[in-house]
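Data first, discussion second: the structure below is written as structure tokens.
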Amino acid sequence: MKVEWQSEDFDQSRIILAGDIGGTNTNLAIVGEKNGKFTMIVEAHWKSKDVDGVIQPINKLISLAEQKDKRLKPDMCCISAAGPVSNNSCKLTNLAWEINGKHISEEIGVPTEVINDFLAISYAIPILDTENPAKLLKIPHCDGTIPQAKNGVKLVIGPGTGLGVGYLVPTKEGKYIPFSSEGGHSDFAAFDSVTWELKDYIYSKIDVKPGVEPFVSGQGILNIYRFFRDKKNIVFDDVINEIEAASDDEKPALISKYSFVNEDCKKMMETFVKMLGNFAGSLSTIMLPAGGVFIAGGISAKNEEMILRDNLFMAQFENNYKENISAILKDIPVYIIRDYSVSLYGAANAAVNLI
């Protein structure tokens, strides 16, 4: 268990227990809300394999917070979980847990909502400070400009193990309503000789029309590696041999790590970044997200330099066969979410809106 106290401001209107549960990490927090502003008070982190379900760490954090100050007793709880949610319950995709809101509520005595982890990220978007570089990185367009966000749809794209897509629609009251999407499973569009070859390669392996997720995600980086290994005559030096010997779960991180010292890894990550830019641009022609495109997930945050290099991402984002559509894309702000706690803030905001 790792505990991080972030604030001593305990004078809050509401105290929220927020959670972000995945196959690898269990992250919980006590978050304060006052006048629409959210304050991260304390975070606690566990390796999911080291705890037996979510109730034990929840009780541990509540006890720790109340020992610090009685005002930190939660008024409500929202847990985001990596898996499909039904009837306020989630069976995690990569962990043999069920997160049940009713059971948690009975255990801790406060109303509890369980939501999908990507929906939590969407709920975080309206409360992120776009002017804080610790929270968000603004991606310059090819001409060096950084457009200002306008009132309009906000688009969220999250390449992680899979590919999440969501969007937020503004209301007349100035709030935003998040909506989920299965956009990550829409058709993949090849745009150059490499991606056409890659698409044919993936098709030969799965024998069905491939969606975007097998290309623009962690598993996508793995598929890109296999394509380069099998079709592009890469050099089996010490780096590639290390990647080949690693487990499939470890390969994407290693490819990213070595992309600045190994030419083949560089080409793999460049291909990934271009496909991410192309997908984000395609979705933007549908959604017209004047409020901005927000790219979430550790893959993007850990590969900022590659995304920015030589406008690899942005050149594809802006590219459209219609000049007037390209002009629209050039006026859309694009951000990389840097804040690791984004899901916890989102779960807190979801609690206020849903409970």
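The values are calculated or read from the model by the stated rules, or taken from the named source; none is laboratory data. Everything quoted here is computed from the prediction, not taken from an experiment. Counting neighbours? That spans all protein chains shown, and the Cβs are built from the backbone with ideal geometry, glycine included. Please note that ligands, DNA and RNA were not included when accessible areas were found on the heavy atoms of the full protein model with its side chains. Shrake-Rupley method; radii C 1.70, N 1.55, O 1.52, S 1.80 Å.
General remarks:
- Peptides 221-231, 342-352 ranked from most to least packed by the mean count of surrounding Cβ atoms within 10 Å: 342-352, 221-231.
- Taking the Cα atoms of the chain, the ratio Rg/Rh between the radius of gyration and the Kirkwood radius comes to 0.99.
- For region 137-210, the fraction of alpha-carbon pairs in successive 10 Å shells from zero, as %: 15, 29, 34, 18, 5, 0
- Its residue count N sets the reference 2.2 N^0.38 Å, and the alpha-carbon radius of gyration of region 26-131 equals 1.08 times that reference.
- Kirkwood Rh, Cα atoms: Rg over Rh of region 127-265: 1.05
- In a reduced charge model with +1 at each Lys and Arg Cβ and -1 at each Asp and Glu Cβ, the chain shows a dipole moment near 560 debye about its Cα centre.
- Principal-axis analysis of the Cα atoms of the chain puts helix 193-206 at an angle of about 60° to the longest axis.
- Flagged links, alpha-carbon separation over 26 Å, of Lys232/Lys274; Lys37/Lys68; Lys73/Lys154; Lys138/Lys231; Lys231/Lys322: Lys73/Lys154; Lys138/Lys231; Lys231/Lys322
- Positive-end residue of Pro289, Phe272, Ser247, charge dipole of region 245-355 with Cβ unit charges: Pro289
- For region 1-112, a simple Cβ point-charge model (Lys and Arg +1, Asp and Glu -1, everything else neutral) yields a dipole of about 80 debye relative to the Cα centre.
- Solvent-accessible surface of the chain, averaged per residue with a 1.4 angstrom probe and all protein chains in place: 46 square angstrom.
- When only Cα pairs below 8 angstrom with a gap of at least 6 residues are kept, the chain shows a relative contact order of 20 percent.
- Reach of Lys91 by Cα under 13 Å, taken over aspartates and glutamates that are not fewer than 8 positions away in the same chain: Asp117
- The chain: calculated mean residue ellipticity at 222 nm from DSSP helix runs of at least 4, using -39500 (n - 2.57): -11500 deg cm²/dmol
- Range of Cα positions in region 214-307 per principal axis (Å), largest first: 46, 24, 21
- Degrees between helix 218-231 axis and first principal axis of the chain (Cα, 0 to 90, nearest 10): 20 degrees
- Distance between the C-alpha centres of region 142-175 and region 241-270: 30 Å, rounded to the whole angstrom.
- Under the convention that each Lys and Arg Cβ holds +1 and each Asp and Glu Cβ holds -1, the size of the dipole of region 230-352 around its Cα centre is about 460 debye.
- Whole-number percent relative contact order across region 109-196, with pairs defined as alpha carbons under 8 Å at least 6 apart: 23 percent
- When you count the other C-beta atoms within 10 angstrom of each residue and take the mean per peptide, 132-145, 20-33 line up highest first as 20-33, 132-145.
- Degrees, to the nearest 10: 263-287 long Cα axis against longest axis of the chain: 70 degrees
- Distance between region 303-355 and region 28-65 - C-alpha centres, whole angstrom: 28 Å
- Partners for Lys70 among lysines (Cα-Cα distance below 19 Å; same-chain residues under 8 apart left out): Lys34, Lys60
- Most tightly packed first, judged by the mean number of other beta-carbon atoms within 10 Å of their residues, the peptides 65-73, 81-89, 158-166 read 158-166, 81-89, 65-73.
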